[in-house]
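Inspection log for the structure reproduced underneath, given as structure tokens.
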Amino acid sequence: SQQGEEDPQALSIQEGENATMNCSYKTSINNLQWYRQNSGRGLVHLILIRSNEREKHSGRLRVTLDTSKKSSSLLITASRAADTASYFCATFSSGNTPLVFGKGTRLSVIA
Amino acid sequence: NAGVMQNPRHLVRRRGQEARLRCSPMKGHSHVYWYRQLPEEGLKFMVYLQKENIIDESGMPKERFSAEFPKEGPSILRIQQVVRGDSAAYFCASSPGPGGTLHFGNGTRLTVT
């Protein structure tokens, strides 16, 4: 079943602008991860945030996690055309459970 | 260090035939996951395997689908008597352990005619 729900489903911005994508989930988690998928390719891991962390940075990426609201956001600053892709959040609960992915946000960055 | 290798990249089968999808995980990874993706959709979990063991197959249809990850060789996802609804992209991912980062292959795109 789908755990994460990304919002918006699609986002179109100009190069240089910031892009914010949100993810909501339903059950308690151990960690939450964000992945990127270019058209026709596999997913690439971007960042992992643990349940006891509130914010994490990696280059132009900033991820926040609010476990009380069961939500996370991914911010891409100073976007580039090459950031055009689909972005997915995925949650890991515990033990031997698999990562559960949301339906993704399709980001288009226009040069 | 080679990434996750999936083959074939594209597979065309007629209704009723069998489809075999292969996945070689990253070196040192003993956990393999199979996901299915329909166009414009997210990834739906199918099965989670460790060497010679199925850990979680809650996402696998009860009939026609099976998966294995033998002691030697790649993981295999097998679909018997394919139907048009099986047409999708099938992704394999591997990790060194549960809950960590997944490394994905580029998928096998199955088309059933």
May I ask you to rank B:R109, B:R15 by accessible area, largest first, using a 1.4 Å probe over the protein chains only?
-> B:R15, B:R109
Hey, how many Å between the Cα centroid of the stretch B:6-52 and the Cα centroid of the stretch A:40-111?
-> 23
Determine the share of the protein assembly as shown's accessible area contributed by carbon and sulfur atoms, expressed in whole percent, with a 1.4 angstrom probe.
-> 46
re the stretch B:4-46: pairs of Cα atoms spaced beyond 12 Å account for a percent value of 71
In square nanometres, what is one fourth of the surface area of the convex hull spanned by the alpha carbons of chain B?
-> 6.7
Dipole of chain B (Lys/Arg Cβ +1, Asp/Glu Cβ -1, origin at the Cα centre): which of B:Y35, B:S66, B:V82 lies farthest to the positive side?
-> B:V82
What FRET efficiency do you get for A:S28 and A:L75 if R0 is 25 Å and r is their Cβ-Cβ distance, rounded to the nearest 0.05?
-> 0.55
Percent RCO, i.e. relative contact order, over chain B, from Cα pairs under 8 Å lying at least 6 residues apart | 37
Of all DSSP beta bridges in chain A, antiparallel share, percent nearest 5 = 90
Nearest 5 is fine: what % of DSSP beta bridges in chain B come out antiparallel, could you say?
-> 90
How big is the A/B interface in buried accessible area, both sides summed, 1.4 Å probe, to the nearest 100 Å²?
-> 1700
For the protein assembly as shown, with equal point scatterers placed on the C-alpha atoms only and solvent neglected, what are the log10 I(q)/I(0) values from the Debye formula at q = 0.08, 0.11 1/Å, to two decimals?
-> -0.29, -0.54
Anchor A:K56: lysines whose Cα lies under 18 Å away (excluding residues fewer than 8 positions away in-chain) = A:K69, A:K70
Per residue accessible area in Å² of the protein assembly as shown, where ligands, DNA and RNA are left out and the probe is 1.4 Å = 49
Total charge dipole magnitude, the protein assembly as shown, about the Cα centre, Cβ charges on Lys, Arg, Asp, Glu only, Debye to nearest 20 | 500
If only Cα atoms are counted, what is the Rg of the stretch A:46-111, and what is its Dmax, in Å?
-> 13.2, 44
Quotient of Cα radius of gyration and Kirkwood radius for the stretch B:54-103, i.e. Rg/Rh, equals 0.98
First obtain the Kirkwood hydrodynamic radius of the stretch A:9-93 from its Cα pairs, then insert it into the Stokes-Einstein equation at 10 °C and 1.306 mPa s, and state the resulting D in µm² per second as a whole number.
-> 120
Here FRET efficiency (C-beta to C-beta, A:T64 to A:Q9, R₀ 35 Å, nearest 0.05) is 0.95
Within the under-13-Å Cβ sphere about A:C23, not counting A:C23, Lys/Arg +1 and Asp/Glu -1 give a net charge of 0
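The values are calculated or read from the model by the stated rules, or taken from the named source; none is laboratory data. None of the values given here were measured: they were computed from a predicted structure. Methodologically, a virtual Cβ is constructed for each residue, glycine included, from the backbone with ideal geometry; neighbour enumeration extends over all protein chains shown. Only protein heavy atoms, including side chains, enter the accessible area calculation; ligands, DNA and RNA are left aside. Shrake-Rupley method; radii C 1.70, N 1.55, O 1.52, S 1.80 Å.
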